[in-house]
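For reference, the structure is listed below as structure tokens.
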Amino acid sequence: MPSIPANSDLSKAAETPAEAGLLDALQHQVAVFARRAEQTRLGGVGQARNSMDRAAYLLLNRLDLEGPMGVKALAGGMGIDSSTVTRQVAPLVDGGLVKRTSHPEDGRAVVLALSPRGQARLEEVRSSRRELMARVTDDWTEEERESFTALLTRFNVSLSELMGAVAEAGPAS
């Protein structure tokens, strides 16, 4: 996990003007990326474009990749609280994309699972988003795509870990 400076002064991360300039460029490109992602919602192309919001996509994708699970486990895996998951899952259940079932070992507990309709809808959106990524990176080599994916994954993991550590540390005194 990335360490947090003892005095929580994150500005000391850049020690030279060159490092500061590079970090300024990085934060600017991340901000531009966030704007572009929000503008397009990375919704893909064709009929599926912008047809599923980010929260729904992430929830359905996690259920698909990890299988049925309870609200607490889903929330923990996504780094959000249970009430947020409950609020985000409700329309997915109402729309028939997610089903609530009893836990196989404890019938009182509720487990969320991707429905067949949810699986089909998720694959439609994935396919559209895959096409968008193919178009955006059309002139990239396979190695460039792999490298970018690895670095973006590493960036997201590091950011998630740092934000988790900051949240655990509480407000700065």
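The values are calculated or read from the model by the stated rules, or taken from the named source; none is laboratory data. Source: prediction; values computed, not measured. Here the Cβ positions follow ideal geometry from the backbone for every residue, glycine too, while neighbour counts run over all protein chains shown. The accessibility values were calculated without ligands, DNA or RNA, using every heavy atom of the protein model including side chains. Shrake-Rupley method; radii C 1.70, N 1.55, O 1.52, S 1.80 Å.
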**OP:** Any chance you could count how many residues in the stretch 128-168 are surrounded by 11 or more Cβ atoms within 10 Å (Cβ to Cβ) and either of a type in the set (A, V, I, L, M, F, W, C) or part of a loop (DSSP other than H, G, I, E, B) (or both)?
**Re:** 15
Original post:
With respect to the numbered conditions (1) more than 19 Å from S160 (Cα to Cα); (2) at pLDDT 60 or above, which one is the sole condition not fulfilled by N50?
Top reply: (2)
Original post:
So E131 clears everything in (1) modelled with pLDDT under 90; (2) in contact with an Asp or Glu (Cβ under 9 Å, 6 or more places away or on another chain) except one condition, right? Which one?
Top reply: (2)
Original post:
Filtering the stretch 84-113 down to residues that are part of a helix (DSSP H, G or I) and of a type outside the set (A, V, I, L, M), which residue is surrounded by the most Cβ atoms within 10 Å (Cβ to Cβ)?
Top reply: Q88
Subject >> Number of positions in the stretch 118-162 that are under 14 Å from the mean Cα position of the chain (by Cα) and within 20 Å of I80 (Cβ to Cβ) >> reply: 8
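Determine, yes or no, whether L74 is touching a Leu at 6+ places or on another chain (Cβ under 8 Å), closer than 22 Å to G164 by Cβ and open to solvent by less than 90 Å² (accessible area, probe 1.4 Å). Walk me through it before giving the result.
On the way: touching a Leu at 6+ places or on another chain (Cβ under 8 Å): yes; closer than 22 Å to G164 by Cβ: yes; open to solvent by less than 90 Å² (accessible area, probe 1.4 Å): yes.
Yes, satisfied.
Of all the residues that make up the stretch 70-83, how many are in a helix (DSSP H, G or I) and not basic (K, R)? Please lay out each step first, then the result.
Taking the stretch 70-83 as the starting set, the residues that turn out to be in a helix (DSSP H, G or I) are 71-78, 82-83.
From what is left, the residues that are not basic (K, R) are 71, 73-78, 82-83.
Residues that pass the stated criteria total 9.
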